[in-house]
Each structure stands twice: as C-alpha cells, then as structure tokens.
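Here is the structure we will look at, set down as structure tokens.
Each value in this text was obtained by applying a stated rule to the coordinates, not by laboratory testing. Everything numeric in this text was worked out from a predicted model, so none of it was measured. FYI the Cβ positions are ideal-geometry reconstructions off the backbone, even for glycines, and counts take in every protein chain you see.
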Amino acid sequence: MTQWWRDAVFYQVYVRSFRDSDGDGVGDLRGIIDGLDYVQSLGVDALWISPCFTSPQVDHGYDVADYRDIDPLFGSLADMDDLVAQAHRRGIRITLDFVPNHTSDRHRWFQQAVAAGRGSAERERYLFRDGRGERGELPPNNWMSVFGGHSWTRVPEPEGAPDGPAQWYYHLFAAEQPDLNWRNPEVVAEFEDVIRFWLDRGVDGFRIDVSDALMKDPDFPDTDGGWPVIPKHPDGEVHEVYRRFRKVFDSYLGDRMAVIETGADDETVAGFIRPDEMHLAFNFRFVKAGFDAGHLREAIDSSLAANARVGAPTTWVTDNHDTPRSVGRYSQGTQLLGSYVPATTAAADFDEARGLQRARAMALLLLALPGAVYIYNGQELGLPNVDDLPESALQDPVWEKSGRTNRGRDNCRIPMPWTAAGPSFGFSTAAQTWLPMPADWGRFAVSAQEGEPSSMLELYRSALRMRRLLPALGRANVEWVDSPEAVLRLRLNSDGEAVEVLLNTSPAPVPLPAGRVLLASADVSAGSLPSDASAWVQVAQ
Ligand code: NOJ
C-alpha cells in the first residue's frame, strides 16, 4: 500500500467560490474542471471538494437532502464523473465532503419522521424527545446550537397520533439540520452504503464533517452554559462507527482515505486515527496558533507526539471555509479562540502588508513539516478577509441564527479572482456573484500573480515543486535547533540531505545558518532573515 495521503498536499475547493462555468454567479463542478490546469500547475496531489450534494443550501451544502446526487446548482452526477476522470488523468485525486452528523430537514428520512409521529421507527433515525412541562411545551434540555439559539425544534404531531407530550428534535447546528441517531444501526448501514456509492464512482476519499460529535449523551442532561455533552469513550460507540467505515474503505483498491474534522484535544483526535479507524485529522491547534513562535511550537510538538503514538501522520493547515483567512489573523498575530467566530480584525486594524508577509512565512513552515497539508482555495493568492460586506449581502446562516450578532464566515468565502479585469475578475461571466467581490480584487488575480516571482502564487508553486523533489520536505522527522524564543528553527534530515527551516517572528533580523538558501519568503540577500519571514536552507549533515 502506498498510503499516498500521509504526505499529500490537498487543495480545498469551496465549490461556490472557486469558478463558475454557467454564469449564475455561483461556482460549480464544470468550473472546477475548467480550473484543473491551474490546480495542476500548483502541484497539489488531491482536491477536497466542499459539499455539492442535493441541498436546500441553508448551510451552503452542509444540509444534505440526497447524499447520492449532485445539487443542480453545481451540476450533475455526470459532471462529477467527468471531474473525477479528468482529475485522475492529471494525477490529481478527488475527495468529497461527507456530512454524517445531520441531514437537511428536506431529507426523505426527516420528512418521513415528522409524518410518522411519536414512537415510530422513522423517528428513531433522528433524535426526537418529549418536551418538558405539562404538555411538552418546553424544550427537552437547555443545550444551545453552535450557530446560536436553542438546539431543539418542536414538531406538530400528525393527525391520529397517540396522545402525549409534544415532541422536539435535536440539532447541533441550524433547525434545518436535524441530527441523526448514530446509535441506530440503520443509520450506520445507510452511510456505509453512501460511502460505497462514491467509492464505486472512483472517488479517492472524504473529509468527514463534525466527526467526533456523532454521539450525544442519550440522557440529554442540562449543562452549565448549555454546551452539549458528547461522550468521549476512547473505545466505544463512535469509534465502532469509524471501524465499520474503515472496513468499507479497505475493501476497495486504491488506498482510499478520510480526514476527520474535530476540534477535540490532540489526544482525543489521535484516538480517531488509529490504524483501524480514519486516516488523517485536521490539526486545529495549528490553525488557531496565530503568528506566535511559542504557540506554533507547542502545536507542532503536541500534535506530532499524539499522532506518533498511533502511527498516524499530522496535517498542517492554516485556512478553511469556517475560519477568517490567515492573512487577516496573522496581521495581528493573535490566536483564534473558537471556530465559527468572525475575524477579530475590524477592517481598520488590518495591516495587509504585514499580514501577507507573515502568511508567506507560514506557507514555508506549512509545506516543510512532515505530514499532509491542506490549502484552502485563494490562500495561494494571499486573499485577505472581506470584513466590510454590507449586511444585506451576508449569506452565512450564522448571521440570522445568531440574532444578527455574529457576521459569520462569509468574509473568507468570497469568489476567487482569476483575471485582473473583466466581470467578476474571470470567476464568472456574470458581474453579480453570490457574495460580492471587492472592486480591487483584481490585484490578487491569478493572472496578476502568474510569472511574478515575488507573488504569493509563485511562492506556493516554488515551494510545492521543491517539496516534491526533496525528500526532507514534508517527510522527515522534526529536530529542534536552539534558537531565540521568537524564532522557530527546525532541522529536517533525510538520506544524505538536511534542510533547516527558520521562521522569524521577532521584530529584528536574525542570522541565517551557513548553507544554501533554497527558498525564502522575503529578501535574504543581506545574509540574514528579516522579521516576519521564513527560509529553507540546505545545510551540511
Ligand atoms: C463544519 C463545516 O465545515 C461548517 O461549514 C458547517 O457549517 C458545520 N460543520 C455544520 O455542518
């Protein structure tokens, strides 16, 4: 088995925002096909495609109504087959988003559950409970939804249903995303079948949404602050589900894989990527670390140590569709405190030049560390957050569900600029896009950066090219070299070759080690590494 995923570079395509082929202002699958030459020119190994299944789009596809079909907004099953074939022809693997925690409220199962009434087998596929109070008029407990507001919604009983208190269903996210009952074997079997459906079509794997929260405490106890109780049994329940999934993956040729989304601590995360469970887990500690040498070092050490105990590689990631873009975050250097939290960067505090310098510096750290890497579309262009969208343009359900107190995640989901001019900068033939693109977005366009040696895009291309050529990059053990506190200095050794990676978060330049500079995020011609910069230096072994 090659286990290609252990050190693969994945490129996350947020379908709505990557490229639009049919002029409706929303990205689609044929748009991804049109963008494959570009993806290939980056030198990545695989795509992660955000949910594109049939969905009312309440949470932009994370509310799936049919797991075995493509939403017409994005194309058709034939388009997906074509995308898989065309990507494979270029040596690029395709992974899809798998959303098992909840379905859409328009999913056939949920509609059947509402219609069938209390006590039915149909309701057993979800988490229905009697309400509290004399007639069940109060929610079953005090848990809150991640998006804001209550996590229970009441349903009317169908005519002729047996008498009893009102019933409510549980939703960790929006009311339109009812949670499934993963203790029901029928649910497990259905999703095994969904996995097979896509693996049969040639898909190489999945990213698993909200992977650690499938099981809730079945007693639904009230909690301080209304946080849900997700039992953490390292050997029970939810792990059995992943062991079942793993058997499905392993029954296919071609080294299929899954990466899990979980915000849990490193030890708990490692429990999900044991050899008989899933393959990779996002490293959210690294995402949240901020541009701070101490926090970065802790995040690197702790995830490497936890994963080493289970023999799994680590993933390195700074950006995704739920998190303010790192150019904005690093501009201030601060840690990110939670997910689904809007940028703390009021647009006024944002220092673009500094944010870009630091994001460049982080790109070389990301691509040197041993393990898999995830790059979020637009990260390679250095896109900043768009924090000044007018309220009328906001699309993320978080905005409304939080009672308009949280502007949500639209700031990092603005469509990609491809050309410096033209309607929507080459993203679409339409001038109106699903989220408006800033008037000066053309300066970040692919065409504006291509062939420009000092651009973010060319930095990513060079780094990815070198990573493929030099075994020390992305594959070696990390050895720390003594350095001042604000400087990360690590050494990567591999057969006859050693590369040092330096990241300078201090305000002053620091000397570079003797050796050959392979790549630097800033000008190092003076022989030292400037503040907010990083370099790869080939050194004697
Ligand atoms: C995590 C996804 O990344 C996010 O976009 C979504 O809103 C939630 N899970 C709910 O599915």
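Scalar couplings 3J(HN,Hα) for segment 170-184, obtained by applying the Karplus form with A = 6.51, B = -1.76, C = 1.60 to θ = phi - 60°, are 8, 9, 5, 10, 6, 4, 7, 10, x, 6, 7, 9, 6, 8, 8 Hz; x denotes Gly and Pro.
Enumerate the residues in segment 466-481 having an amide nitrogen under 19 Å from the point lying 7 Å beyond the Cα of residue 301 toward its Cβ. Backbone N within reach: 477-481. In order along segment 481-492, phi translates into HN-Hα couplings of 10, 3, 7, x, 3, 8, 10, 8, 9, 10, 10, 10 Hz, rounded to whole numbers, per the Karplus curve 6.51 cos²θ - 1.76 cosθ + 1.60 with θ = phi - 60° and x for Gly and Pro. Considering the zone a paramagnetic label at residue 124 would reach in this model (a point 7 Å from Cα along the Cα-to-Cβ line), which residues of segment 159-190 have amide N under 11 Å from it? It comes to 184-187, nothing else. Computed packing ranks the peptides 202-214, 251-263 as 202-214, 251-263, most packed first, by mean other Cβ atoms within 10 Å. Only one residue of 446, 398, 54 has its Cα farthest out toward the positive end of the dipole of the chain, where Lys and Arg carry +1 and Asp and Glu -1 on Cβ, and that residue is 446. Counted residue by residue at 0.36 nm each, then reduced by the alpha carbon distance between them, the extension gain from residue 227 to residue 450 reaches 75.6 nm. Diagonalising the gyration tensor over the Cα atoms of segment 108-170 and scaling each eigenvalue by 5 before taking the square root yields semi-axes of 19, 15, 8 Å, largest first. As a calculated quantity, the FRET efficiency between residue 184 and residue 135 at R0 = 25 Å, using C-beta atoms, amounts to about 0.40.
Annotation note: trypsin sites (Lys or Arg not before Pro) in segment 376-464 located in DSSP loop regions with a Cβ neighbour count of at most 13 within 10 Å are 404. Go ahead and run the numbers for FRET between residue 493 and residue 431, Cβ-Cβ distance against an R0 of 56 Å, rounding to 0.05. Efficiency, rounded to the nearest 0.05: 0.60. Does anyone have the angle between helix 238-250 and the longest principal axis of the chain? Alpha-carbon axes, 0 to 90°, nearest 10? Relative to the chain, helix 238-250 is tipped by roughly 70 degrees. Helix 185-200 and the longest principal axis of the Cα set of the chain meet at an angle near 40°. Axis of helix 77-89 versus longest Cα principal axis of the chain: the two differ by about 30°, to the nearest ten degrees.
For residue 376, the residues 5 or more places off, or on other chains, whose built amide H falls under 5 Å of its own are 12, 319.
Which shape class, rounded, prolate or oblate, goes with segment 463-521 when its Cα gyration tensor gives a ≥ b ≥ c as root eigenvalues, a/c under 1.5 marks rounded, and past that a/b bigger than b/c marks prolate? The shape class here is prolate. Length available on full extension from residue 106 to residue 351: 0.36 nm per residue minus the Cα-Cα distance, which gives 83.8 nm. The residue among 113, 146, 131 whose Cα reaches farthest toward the positive pole of the charge dipole of segment 108-170, with charges on the beta-carbon of Lys, Arg, Asp and Glu, is 146.
Most tightly packed first, judged by the mean number of other beta-carbon atoms within 10 Å of their residues, the peptides 522-533, 287-298 read 287-298, 522-533.
Placing pseudo-labels 7 Å out from each Cα toward the beta carbon at residue 468 and residue 144 gives an inter-label distance of 4.8 nm. Across the chain, the mean sequence separation of Cα contacts (distance under 8 Å, 6 or more residues apart), normalised by length, yields a relative contact order of 13 percent.
With runs of 4+ DSSP H residues as the only contributors, calculate the mean residue ellipticity of the chain at 222 nm using -39,500 (n - 2.57) per run, divided by the residue total and rounded to the nearest 500. Mean residue ellipticity, 222 nm, calculated: -7500 deg cm²/dmol. Here segment 477-539 is treated with +1 on each Lys and Arg Cβ and -1 on each Asp and Glu Cβ, and its dipole about the Cα centre works out to around 100 debye. Length gained on full extension, residue 393 to residue 485, computed as 0.36 nm times the residue gap minus the Cα-Cα distance: 28.8 nm. Residues whose amide H lies under 5 Å from that of residue 52, counting only those 5 or more places away or on a different chain, are 97; hydrogens are built 1.01 Å from N in the peptide plane. Report the normalised scattering of segment 203-331 as log10 I(q)/I(0) at q = 0.11, 0.12, 0.21 Å⁻¹, calculated by the Debye formula with identical scatterers on the alpha carbons. So the normalised log intensities are -0.44, -0.53, -1.25.
Computed from backbone phi, the HN-Hα couplings of segment 448-459 come to 6, 9, 4, x, 9, x, 8, 7, 4, 4, 6, 5 Hz, rounded to whole numbers (Karplus: 6.51 cos²θ - 1.76 cosθ + 1.60, θ = phi - 60°; Gly and Pro given as x).
Here is the result for segment 56-107: no chymotrypsin sites (Phe, Trp or Tyr not before Pro) lie in DSSP coil with at most 16 other C-beta atoms within 10 angstrom of their C-beta.
Rg and Dmax over the alpha-carbon atoms of the chain stand at 23.6, 83 Å.
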